[in-house]
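Structure first, then comments.
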Amino acid sequence: MDESTRTYWARLDTRFPLVEAMFPACLADAHSVLTPKGLDAFLEAGRLIGKLGRGAEPLLAFLEAWPAAARVVGEGMLAPVMAVVQGLQKSPNGRAITPFLQTLAPVAQRLQAGEQLQHYLDLTLDLMARTTRSIHGFHTTYPSPGLPDFFAQAPTLLAQLDIGGLRRWVDYGVRNYATHPERQKDYFSLQSADSRAVLQRERHGTLLVDVERRLDLYLRGLWRDGDLLIPYSTAFDQLRKPVPYYDPLGMRLPDVQDDAQGVSGLDRYRAMLAHMVGHRRWSTPQIADNWSPFQRMAVEFFEDCRVETLLIREYPGLRRLFLALHPRPAEDACDPETTSCLRHRLAMLSRALLDPQHGYRDADLNDFVARFHDLMTPGASSTRDMAALALAFVAKTRRPSDQFANVHFDDTVIDYRDDNRHLWRFIEEADEEQSFDETRRHDTQEEVQRLPPRHYPEWDYHSQTYRPDWVSVYEALHPSGRAADIDRLLQKHAPLAKRLQRLLEALKPQDKVRIRYQEEGSELDLDVALRSLIDFKAGSTPDPRINMSHRTNGRDIAVTLLLDLSASLNDKAGSSDQTILELSQEAVSLLAWAIDRLGDPLAIAGFQSNTRHEVRYVHLKGFGEQWGDEVKARLAAMQANYSTRMGAALRHAAHSLRARKNDKKLLLILTDGEPADVDVNDERLLIEDARQAVRELERDGIFTYCISLDPRADAYVSDIFGRRYTVIDHIERLPEKLPEVFLALTKSR
Amino acid sequence: MSSDAQQYRVHAEPYYQPQGREVALFEAAYRNRLPVMVKGPTGCGKSRFVEYMAWKLGKPLITVACNEDMTASDLVGRYLLEGGGTRWLDGPLTTAARIGAICYLDEIVEARQDTTVVIHPLTDHRRVLPLDKKGELIAAHPDFQLVISYNPGYQSLMKDLKQSTKQRFTAFDFDYPEAELETTILCKESGLDAEMASKLVKIGHTARNLKGHGLDEGISTRLMVYAAQLIHDGVDAADACRMALVRPITDDADIRQTLDHAIDVTFA
């Protein structure tokens, strides 16, 4: 340490030997970035951090991070950063200071502006305040479980999200896992599935799923090709960026593409697909055992250019697209004395082969460009010709430095090209081959006895967003009991059934069809009448069938009856000695009987939930089933249990109802209470979710109607169903009310 | 209907580019007065072919565009109320049978099946047309020939010809011409140069590849001729294609985008 360094060192007022070793380098860095005033503030801040009593680590992190951060966001941001450090120190979250400072430099790199960094800092303070908990009665405050993990992930997150997206991602985690320290940690360290799902949702760029059909059409229309498009994730691999490729299973593309170099994400996908199509059309696999990796790389570059040239011949506009995405390496960017320049040479060559205005002066390069075009002029050439040309190129331009470990990578990555795995055949299995694709271990685990769950989103009214794949719905057939029980119930209601019968008779509505050529009918058919008149005047026998009448073409309503089978159904109904469940059984039997008489397709299903991980949806009657003993047996065995997660059940019922071809679709819900579940504390949440589900159904043309048995239903039921509900106060009268409600609903005016 | 044969003649030679031996075959059919059915997708040149043959054979041509509301009397003729009495008026089919014209029933499947049966007696060895309302039996003129066209693409359970109708005709199966031929047609019809025309054909083929994947029918030769005429008139090529080729055939945003992209990369 020289004299001036020593004065600065003194101002830092610290004795950590680790820091002392690092200090001169950090100081030099700081000198190059900071103004003298900024340098003073930097040292003062360093002194404070050293005195926090948290060892050398925070100070080290700070000394290294700040000059780099200040270079992008400006030294004026030091004060707000220190405010955060102090905030962390004052709260129980002191342990998060080190990760915060460690990731400060990369975060600043991503954000690029002081204003943005300020947003980030505000966000961290907000996160800290909302996840640091104290339990009343115990005067202990617990540090935020997720905060250190959040800081560690911040650079990754900011690589994919803008600050608004990050805020929403953080919000989601805080809202849903505030009371779950372990899950919160999983969320903020990007371990849990929904953490990744929300991240995916907030990402910027064009998602493959959104444009899949367009790309399909593109392949089919422009290239007469078509394959399964399979996304791979680009979000979580930082070290090696995955590259597009295709194999017998399909074409693999990144799950999301940002716009780049003025090319939209969609067009970048198209460029990738076009390139792959080119290989599929024109490339033939080569035996690669005798070629070195360098030679193979050169062959790949030449072959890529050959197929692209052919593609451009097909659609000239592709040249603009390819060139926009193709890097343009500067001719003297790579120093052959110190670095391996092979990649750089090949990238330049590739550019020159595609771009007539490449402007490179290198004689060898221009020579090979000319030879390439000579080969291509007569026709499509071949992979073999390209291989020969490539080997000649490698031989001609070889340099000793090509073997250096230090490889020039800048501007040599052409990211719309696939990895060319299809181009190579190896006769001998090499050990570097990654062959885990071929052999697959078969799990001998026993098959689970039920259907795999279907996942549905849930509406979160706080943020007005969906929680992706939040609820798991398990479908099953309801177990059977004795059908005779239901017959007995119907017997009991025979008088009621007789009255219903009359109502049913009156229900013959809709769809008028004209019947022409009637001697007697309701209206005169003018066309026919005129023709008859002319016949009459012309002296031939007129046709007397000059009237027409109308008949109705039957009803076309598909009905799903959804029963709430939660535990509260086991309560006694009012003054009677029957449980609500028994009354529901009677009512449903009667209704099913009535609907059967009308001939409308009817499905009956029940639902109950035990947290979001297990919503059970049991089928009592399918659309195709007849009203008979099997259905009655299932109805007889109806059991009530658990809670009412209505939204998921509605969505699932709609799933099958939506597929029906009928004109009108009716979803009737019979419930005895508000939506609730044991894993939800906020009672509005499931109500709002159910309301959202009803809206979704409405959008799909499904009419939803609720029959509530809850005398206190007025408080929420209209929130969910609008005006489409009936509250039945005298539960004892449910058996007669339910069919009446249905008949009134489906009666034609 | 007026029975002046002159007005039904085709005076100028219509441009027709043969795709195969159809001209000679049609002539042979005509020599033997066999009824002819022309099948093919919309806008591939069916009507043009019939017009050309009428010109070549020097016969009058009476064309009837069929539709759902057409009744048998629309083809055969009807009595009109007049003053205190009535007057008989021949329909197009009757006129053609009287004057010896080629009667061309375009898109015959559109007509109801009870209408199409009136052509049966004209299409077998009898070659007569009974007018039961009028009580007259017309023997067809020796030059009379019946030609019908239909587009099998529409084929559905509801719209198909009865076997008894189908089996009265000899048939030609038309399709969009090969790329080179289609290019020639575009050049000839619009005066466009061959290079531009071949690009139009390429875009047309892109759309034809998508048939069944959201498109019911590819871009027809007729639409391509429209585009070529617009371009020849000085309209920007990409605009003309969007206007004449893409917008008419689809409302599907994804398909529109794909075809627009095809236009962009074709006209670089």
TODO: Output the number of the condition that residue B:268 fails; it satisfies all remaining conditions of (1) within 12 Å of chain A (Cβ to nearest Cβ); (2) closer than 16 Å to residue A:217 by Cα; (3) outside any helix (DSSP H, G or I).
DONE: (2)
- [ ] Can you work out which of the residues in the stretch A:14-35 that are surrounded by 12 or more Cβ atoms within 10 Å (Cβ to Cβ) and not aliphatic (A, V, I, L, M) is nearest to residue A:45 (Cα to Cα)?
- [x] A:14
Open item on the list: For the stretch B:92-122: of the residues being buried (at least 21 other Cβ atoms within 10 Å of the Cβ) and not in a helix (DSSP H, G or I), which is nearest to the other protein chains (Cβ to nearest Cβ)?
Closed with: B:111
Task: Identity of the residue in the stretch B:243-257, at pLDDT 90 or above and either surrounded by fewer than 18 Cβ atoms within 10 Å (Cβ to Cβ) or touching a Ser or Thr at 6+ places or on another chain (Cβ under 8 Å) (or both), that ends up nearest to the other protein chains (Cβ to nearest Cβ) - done: B:257
Task: Among the residues listed as A:272, A:251, the single one being closer than 26 Å to residue B:261 by Cβ, in a helix (DSSP H, G or I) and not charged (D, E, K, R) - done: A:272
TODO: May I ask you to verify whether residue B:224 is of a type in the set (A, V, I, L, M), more than 14 Å from chain A (Cβ to nearest Cβ) and in contact with a Gly (Cβ under 6 Å, 6 or more places away or on another chain)?
DONE: yes
- [ ] Could you pull out the residue among A:195, A:189 that is out of contact with any Lys or Arg (no Cβ under 9 Å at 6 or more places or on another chain) and surrounded by fewer than 20 Cβ atoms within 10 Å (Cβ to Cβ)?
- [x] A:189
TODO: Spot the failing condition for residue A:223; the list is (1) closer than 24 Å to residue A:458 by Cα; (2) at pLDDT 85 or above; (3) within 14 Å of chain B (Cβ to nearest Cβ), and only one is missed.
DONE: (1)
- [ ] Pairs only if they're at least six apart or on different chains, beta carbon under 8 angstrom, first in the stretch B:182-211 and part of a loop (DSSP other than H, G, I, E, B), second crowded, with 18+ Cβ neighbours inside 10 Å and among the polar types (S, T, N, Q); list them, first residue then second.
- [x] B:210/B:258
Open item on the list: For the stretch A:101-122, check the following and say yes or no: at least one residue is on the phi < 0 side of the Ramachandran plot, surrounded by fewer than 19 Cβ atoms within 10 Å (Cβ to Cβ), without any contact (Cβ under 8 Å) to a residue 40 or more places away in the chain and not polar (S, T, N, Q).
Closed with: yes
Task: Residue ID - nearest to residue A:207 (Cα to Cα), chosen from residues in the stretch A:263-281 that are away from chain B (no Cβ under 14 Å) and surrounded by fewer than 18 Cβ atoms within 10 Å (Cβ to Cβ) - done: A:280
- [ ] Name the single residue, out of those in the stretch A:559-595 being of a type in the set (D, E, K, R) and more than 41 Å from the chain's Cα centre (by Cα), that is surrounded by the most Cβ atoms within 10 Å (Cβ to Cβ).
- [x] A:586
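So that you can scan it fast, the table gives a plain yes or no per residue for (1) modelled with pLDDT of 90 or more; (2) polar (S, T, N, Q):
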| site | (1), (2) |
| --- | --- |
| B:98 | yes, no |
| B:145 | yes, yes |
| B:154 | no, no |
| B:157 | no, no |
| B:166 | no, no |
| B:170 | yes, yes |
| B:188 | yes, no |
Open item on the list: Condition first: surrounded by fewer than 17 Cβ atoms within 10 Å (Cβ to Cβ), part of a loop (DSSP other than H, G, I, E, B) and not charged (D, E, K, R). Now tell me which residues in the stretch A:282-293 satisfy that.
Closed with: A:284, A:285, A:290, A:292
Task: the stretch B:18-38 - residue that is within 14 Å of residue B:177 (Cα to Cα) and either touching a Phe, Trp or Tyr at 6+ places or on another chain (Cβ under 7 Å) or in contact (Cβ under 8 Å) with a residue 24 or more places away in the chain (or both) and, of those, surrounded by the most Cβ atoms within 10 Å (Cβ to Cβ) - done: B:19
TODO: For residue A:14, work out the one condition from (1) of a type in the set (S, T, N, Q); (2) touching a Leu at 6+ places or on another chain (Cβ under 8 Å); (3) in a helix (DSSP H, G or I) it doesn't fulfil.
DONE: (3)
Open item on the list: Tell me the residue from A:54, A:47, A:71 that is in contact with a helix residue (DSSP H, G or I) (Cβ under 9 Å, 6 or more places away or on another chain), within 23 Å of residue A:7 (Cα to Cα) and of a type in the set (Lys, Arg), please.
Closed with: A:47
Task: 3 or more residues closer than 27 Å to residue B:112 by Cβ: qualifying helices (runs of 4 or more DSSP H) within the stretch B:1-87 - done: B:46-57, B:72-76
TODO: Grab the helices (runs of 4 or more DSSP H) fully contained in the stretch A:645-721, keeping just those with 1 or more residues being aromatic (Phe, Trp, Tyr).
DONE: A:717-721
Task: Subset tally (residues that are surrounded by fewer than 16 Cβ atoms within 10 Å (Cβ to Cβ) and not hydrophobic (A, V, I, L, M, F, W, C)) for the stretch A:75-100 - done: 4
Open item on the list: Going residue by residue through the stretch B:166-177, is there one that turns out to be aromatic (Phe, Trp, Tyr), closer than 21 Å to residue B:224 by Cα and surrounded by 13 or more Cβ atoms within 10 Å (Cβ to Cβ)?
Closed with: yes
- [ ] Select from the stretch A:311-334 the residues that are surrounded by fewer than 18 Cβ atoms within 10 Å (Cβ to Cβ), away from chain B (no Cβ under 14 Å) and touching a residue at least 60 places away in the same chain (Cβ under 8 Å) and list them in ascending order.
- [x] A:327, A:328, A:330, A:333
- [ ] For residue B:80, state whether it is more than 23 Å from the chain's Cα centre (by Cα) and either more than 28 Å from residue B:57 (Cβ to Cβ) or within 14 Å of chain A (Cβ to nearest Cβ) (or both).
- [x] yes
- [ ] Considering every residue within the stretch A:351-360, establish whether at least one is part of a helix (DSSP H, G or I), within 14 Å of chain B (Cβ to nearest Cβ) and surrounded by fewer than 23 Cβ atoms within 10 Å (Cβ to Cβ).
- [x] yes
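The values are calculated or read from the model by the stated rules, or taken from the named source; none is laboratory data. All of these numbers come straight from a predicted model, not from anything done at the bench. All Cβ positions, even for glycine, are placed from backbone atoms using ideal geometry, and neighbour counts span all protein chains on display.
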